[in-house]
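Comments concern the structure below.
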Amino acid sequence: MGIPSVPLVTRAYEDLAKATAVQRGMPTLRIVFTVHPIWGKTPAELWTAVNGPDPVTGKPMMKEILDDLTTPLTAEDQKSGLLPAPAGPETFGPDTLDSLQSYFMDNAMTDYLPIIVPTEARVAAMLKGTSHQPDEPVGKAAGYKYNVKQVAVNAVMAGCDPSYFPVILAIASTGDLALGTSTTSFGYSMIINGPIRDKLNMNYGIGALSPFAQSNATIGRAWTLMGKNLGSGAIPGQTYWGGQGNTLNYNNAVVAEDEKNSPWTPFHVQKGFKPEENVVSLFNGWDIRQGHGAKGAGAVIPKFDEQISSMFPTLTRMFNALVICDPLTVKSLVEQGYDTKEKLQDWLWKNTTISAKEYRDSFLAHVWLYPRALRGEEPYATWYKVPEDTQIPCWPKASDIEFVVAGGQTNTFFQVGNMNYVRSVSIDKWA
């Protein structure tokens, strides 16, 4: 864009910042470092840090920033370009299966569970699951480009059947690979719609979110392995910084929507696809927590709108809401008048509120949303001006609340994920 810029990074991310610069083809990128952590410090402490030395170079930080901004770039500084994914050697062996398991594990290429060793024959079999050529580009993540064959290797490792491969390719094509990095510990989820759910024998009944179907389990696991091997590598202390990690990362939350037992519009149709299309929709966020309809002892007809609403204030403002409803719960909601998802979204948005003070006191809202308020972006600008006791919605708009139907109809349960909808992509394109 022609605007001189210098990344300002906290000391803890030195290795990550430098590695990312190399991966993005900018090995001599000028980076200035400051103390870590920054958040939670008083203005006086921040002033001391700004006027102190760069903890990596030892140079006065402000002078270093000014020098980096004003010194003309050399020809070496201006080099750029993406690197190929670190695919490793083309072939192995001969060797034992135990040695190969150790090789993948020792090189941080697994989720530390046993893998299916991606032999040439197995990868070739996986490639038969798509009409696309092995060397065809699929996507890029964290500065790395990857092709169909590289995605196939990870699908084999995860234990996928070749019939699952179009789903894996669709996920890979987005570049939104699992195991993104932050000091918070992100989790991920996906929704799969269309006839492919039954073709792949996906479980959307009893135990829909549990490990009771090969397709659900291995498709989710492949997403994690692609995050390790096609993206940043997710190396703790270098390219992964989740303070406590997240158990969802093992195979994420894979939800095949029960379109047959739902009176509501399927999720993918809401996003503009046709009912007969096969679609995967991706979410990122923090967690998924359980809810149920038993509000008070002896409740005969639970008010599920109120039950769902009661869980929303416990979620962070950084992410939105994904509500996974059992078909029995949906039936009760319809009986209460919510014959569409949109009606329930609207009611929940209007009737689930928090005080402006509680909203503004939230650290994550202050960090992520306050800057948007300063830019005049609505509704954040207004929410940071109204009196503290003003009740405001948990999220800016009703569509920030998403619904999907799955479950075994053994009881009227639901689960709420603190998740953002990212995008929906065609699976059929990759068949």
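The values are calculated or read from the model by the stated rules, or taken from the named source; none is laboratory data. Small disclaimer: the values here were computed from a predicted structure and weren't measured. Glycine also receives a Cβ, built like all others from the backbone with ideal geometry; neighbour counts cover every protein chain displayed.
Here are some conditions: (1) touching a helix residue (DSSP H, G or I) at 6+ places or on another chain (Cβ under 9 Å); (2) in contact (Cβ under 8 Å) with a residue 24 or more places away in the chain; (3) not charged (D, E, K, R). HIS268 meets all but one. Which one does it not meet?
So HIS268 meets the others, but not (1).
Within the range 248-255, does at least one residue satisfy the condition of being more than 21 Å from SER182 (Cα to Cα) and polar (S, T, N, Q)?
Within the range 248-255, none of the residues are more than 21 Å from SER182 (Cα to Cα) and polar (S, T, N, Q).
Could you tell me whether GLY159 is within 13 Å of the chain's Cα centre (by Cα) and either on the phi < 0 side of the Ramachandran plot or not hydroxyl-bearing (Ser, Thr, Tyr) (or both)?
Spelling it out, it is not the case that GLY159 is within 13 Å of the chain's Cα centre (by Cα) and either on the phi < 0 side of the Ramachandran plot or not hydroxyl-bearing (Ser, Thr, Tyr) (or both).
In the range 364-399, what count of residues is obtained for those that are closer than 18 Å to PHE312 by Cβ and basic (Lys, Arg)?
Result for the range 364-399: 1.
So in the range 240-279, with the set limited to residues that are of a type in the set (S, T, N, Q) and surrounded by fewer than 21 Cβ atoms within 10 Å (Cβ to Cβ), which one is farthest from PHE186 (Cα to Cα)?
Checking each candidate, the answer is ASN261.
I'm told ASN216 meets every condition in (1) under 22 Å from LEU322 (Cα atoms); (2) part of a helix (DSSP H, G or I); (3) free of Cβ contacts under 8 Å to residues at least 12 places away in the same chain except one. Can you identify the failing condition by its number?
Unmet for ASN216, out of (1) under 22 Å from LEU322 (Cα atoms); (2) part of a helix (DSSP H, G or I); (3) free of Cβ contacts under 8 Å to residues at least 12 places away in the same chain: (3).
Please work out which residue is surrounded by the fewest Cβ atoms within 10 Å (Cβ to Cβ), limiting yourself to the range 8-32 and to residues that are part of a helix (DSSP H, G or I) and not hydrophobic (A, V, I, L, M, F, W, C). Give the derivation first.
Start the filter on the range 8-32 by keeping residues that are part of a helix (DSSP H, G or I), which leaves 11-23.
Of the ones still in play, those that are also not hydrophobic (A, V, I, L, M, F, W, C) are 11, 13-15, 18, 20, 23.
Working: ARG11: 14, TYR13: 21, GLU14: 16, ASP15: 12, LYS18: 16, THR20: 21, GLN23: 19.
Looking at residues that are part of a helix (DSSP H, G or I) and not hydrophobic (A, V, I, L, M, F, W, C), I get ASP15.
Is it true that THR340 is at pLDDT 95 or above, more than 26 Å from the chain's Cα centre (by Cα) and more than 30 Å from LEU179 (Cα to Cα)?
Yes; evaluated as a whole, the condition is true for this residue.
Any residue in the range 358-375 that's outside the structural domain of THR316 (by TED's automatic domain parsing) and of a type in the set (Phe, Trp, Tyr): show its pairings with residues that are at pLDDT 80 or above and part of a loop (DSSP other than H, G, I, E, B) at Cβ separation under 7 Å, as long as the two are six or more apart or on different chains.
Partner pairs satisfying both residue conditions: TYR359/ARG317; TRP368/MET318; TYR370/TYR384.
For ALA208, indicate whether it is crowded, with 17+ Cβ neighbours inside 10 Å, over 15 Å from the mean Cα position of the chain (by Cα) and more than 25 Å from GLN150 (Cβ to Cβ). Talk me through it step by step, then tell me what you get.
Values: crowded, with 17+ Cβ neighbours inside 10 Å: yes; over 15 Å from the mean Cα position of the chain (by Cα): yes; more than 25 Å from GLN150 (Cβ to Cβ): yes.
It is true that ALA208 is crowded, with 17+ Cβ neighbours inside 10 Å, over 15 Å from the mean Cα position of the chain (by Cα) and more than 25 Å from GLN150 (Cβ to Cβ).
Kindly establish whether ARG317 is in a helix (DSSP H, G or I), of a type in the set (Lys, Arg) and at pLDDT below 95.
No: the conditions fail for ARG317.
For THR352, all conditions in the list (1) in contact with a Cys (Cβ under 6 Å, 6 or more places away or on another chain); (2) over 27 Å from PRO266 (Cα atoms) hold save one; what is the number of the exception?
(2)
Closer than 29 Å to THR316 by Cβ and modelled with pLDDT under 95: does that describe GLY220?
no
Restricting to the range 100-121, and then to whatever is loosely packed, with under 13 Cβ neighbours inside 10 Å and of a type in the set (Ser, Thr, Tyr), can you tell me which residue is farthest from CYS160 (Cα to Cα)?
SER102
Taking the range 198-210, which residues are touching a residue at least 40 places away in the same chain (Cβ under 8 Å) and over 19 Å from LEU282 (Cα atoms)?
If the condition is that a residue be touching a residue at least 40 places away in the same chain (Cβ under 8 Å) and over 19 Å from LEU282 (Cα atoms), then GLY205, ILE206, GLY207 are the ones that fit.
State all residues of the range 217-229 that are more than 15 Å from LEU282 (Cβ to Cβ) and buried (at least 21 other Cβ atoms within 10 Å of the Cβ); if no residue qualifies, say none.
THR218, ARG221, LEU225, LYS228, ASN229
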